[in-house]
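Q: Take this structure, written in structure tokens, and hold onto it; I'll ask about it next.
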Amino acid sequence: MSGHFYYGDNLAVMRRHIADNSIDLIYLDPPFKSDADYNMLFSGPDGLAAAGSPVPAFSDTWHWGAESSCEFDEVCRETPDVGAKLQAMRTIVGECGMMAYLSRMTIRLIEMRRILKGNGSIYLHCDPSASHYLKVMMDAVFHPVMGRLRSEIIWRIGWVSGFKTRKRGWIRNHDTILYYALGNDFTFNKEYIPYPDGYRRRDGSLPKGSGIPIEDTWNCQRADVLDSIMIKSFSREKLGYPTQKPLDLLRRIIRASSNPGDVVLDPFCGCGTACHAAAELGRDWIGIDNTALALPILRARFEASDMGAGFAVSGTPLP
């Protein structure tokens, strides 16, 4: 297993350092267009020590301006097939924060199309803030290279807090994971939930096989426990990173859509859960992030595991 962390803007890193058709699996958990700022709950030198006050982690607020306009223009100029869809999106939503977000995501999805192998897979983790728009743009980016939506996975986050129950209206309790695969020869290792004790088939006979195949709704039955660690104050995984996802979620995705020795990329690696899971499962990995907190947290979690922190690093976070 080999790993490489790049500090910097993922668009620049992908263009400069990642070759065409070289990645087997991409998982990205980008900003969700939540229009909020997020803080780390810990800020010690190793990224794990308790702090007296929160430390800014990243901002998920968006505004249409010179940078987003430049990215929009580049998409339209360099990839007209995708640019036509992005132009249509601007007609729908206008020059606003959502359009800035979609322009920034689309130009990066185009780079992911370039580096993904012809039988590769990509999982984009999002929520209802922008999932419907992102699905349209993913269709625009991946359909021309024989990529299509294979599943819209619904991940139930877990139990509902007392605060959420006071909402007027239906309570949101899920994220969406858009799963696309290229071609017809993509990797997929079917995942199963073990049969529960006493399980019988409809005719009363004992079951045969590996278990109950996992559906596209996750953490929605007793046998499939995959709660968000952010709702568990007692979780041993918790690193204090505000959008941290559970290792079991990434293990499931990586086991299903890659094989040992494959290369897994997380271009918004944050606290490194995908990198950790990939290394643990014998995959090579690449993580990219432009927040100064990402590298110390990643090093700390690898050092705390039995894998050690012997991965390559390129780029230096600004102080």
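Q: Grab the chain and count how many Lys pairs have their alpha-carbon atoms under 28 Å apart, sequence gap of 8 or more, or different chains.
A: Taking the chain as the scope, the lysine pair count is 25.
Q: Compute the length gained on full extension between R166 and A304: take 0.36 nm times their separation in residues and subtract their Cα-Cα distance, giving the result in nm to one decimal.
A: Using 0.36 nm per residue and subtracting the Cα-Cα distance, I get 45.8 nm.
Q: Past the 25 angstrom mark, what percentage of all C-alpha to C-alpha distances in the range 108-236 do you count?
A: 45
Q: Hey, another quick one. Work out the FRET efficiency for D216 and S69 from their Cβ-Cβ distance, taking R0 = 45 Å, and round it to the nearest 0.05.
A: It comes to 0.75.
Q: While we're looking at this one, here's another question. For the pair K232/F188, report the inter-label distance in nm, with labels modelled 7 Å from Cα in the Cβ direction.
A: In this crude spin-label approximation the distance works out to 2.8 nm.
Q: Taking 0.36 nm per residue of separation and subtracting the Cα-Cα distance, what length does fully extending V313 through W159 add?
A: 51.6 nm
Q: To continue, here is another question. Give me the net charge for the shell around K85: Cβ to Cβ below 13 angstrom, other residues only, Lys and Arg +1, Asp and Glu -1. Mind dumping the intermediate values first?
A: Details: positive: R90, K135; negative: D81, D139.
Counting the neighbours of K85, the net charge comes to 0.
Q: One quarter of the convex hull surface, Cα atoms only: what value does that give for the chain in nm²?
A: Directional mean of the projected Cα hull area for the chain stands at 19.0 nm².
Q: Evaluate the distance, in nm, between pseudo-label points positioned 7 Å from the Cα of I92 and of L11 along their respective Cα→Cβ axes.
A: Going by the 7 Å Cα→Cβ label model, 2.1 nm.
Q: May I ask you to give the solvent-accessible area per residue for the range 154-244, in square angstrom, as obtained with a 1.4 angstrom probe?
A: Each residue of the range 154-244 exposes 68 Å² on average to a 1.4 Å probe.
Q: Say each of D20 and R77 gets a label point 7 Å from the Cα, pointing the same way as Cα to Cβ; how far apart are those two points in nm?
A: 2.2
Q: Exposed loop sites here are chymotrypsin sites (Phe, Trp or Tyr not before Pro) in DSSP loop states with at most 14 other C-beta atoms within 10 Å. What is the longest stretch of the chain lacking them?
A: 1-158
Q: Please return the longest range in the chain lying between exposed loop sites, taking trypsin sites (Lys or Arg not before Pro), DSSP loop only, at most 11 other beta-carbon atoms within 10 Å, and leaving the sites out.
A: 1-165
Q: Using a 1.4 Å probe over the heavy atoms of the protein chains, calculate the carbon and sulfur portion of the accessible area of the chain as a whole percent. The partial results should precede the final answer.
A: Values: 7860 of 15350 Å².
The value for the chain is 51 percent carbon and sulfur by accessible area.
Q: State the Cα centre-to-centre distance between the range 121-137 and the range 57-115 in whole Å.
A: With the range 121-137 and the range 57-115 each reduced to a Cα centre, they are spaced 14 Å.
Q: Report the GluC sites (Glu not before Pro) located in the range 92-171 that are in a DSSP loop and have at most 15 other Cβ atoms inside 10 Å of their Cβ, or state none.
A: Here the sparse-neighbourhood loop sites are E95.
Q: Here's something else I'd like to know. Could you derive backbone 3J(HN,Hα) for the range 176-192 from the dihedral phi with the Karplus parameters 6.51, -1.76 and 1.60 (θ = phi - 60°), listing whole Hz in sequence and x where the residue is Gly or Pro?
A: Once rounded to whole Hz, the list reads 10, 10, 8, 10, 10, 9, 9, x, 10, 10, 6, 6, 8, 9, 4, 9, 10.
The values are calculated or read from the model by the stated rules, or taken from the named source; none is laboratory data. Please read these numbers as outputs of a predicted model, since none were measured by experiment. Reconstructed Cβ throughout: ideal geometry from the backbone, glycine too, with neighbour counts over all protein chains shown. For accessibility, only protein heavy atoms count, side chains too; no ligands or nucleic acids. Shrake-Rupley method; radii C 1.70, N 1.55, O 1.52, S 1.80 Å.
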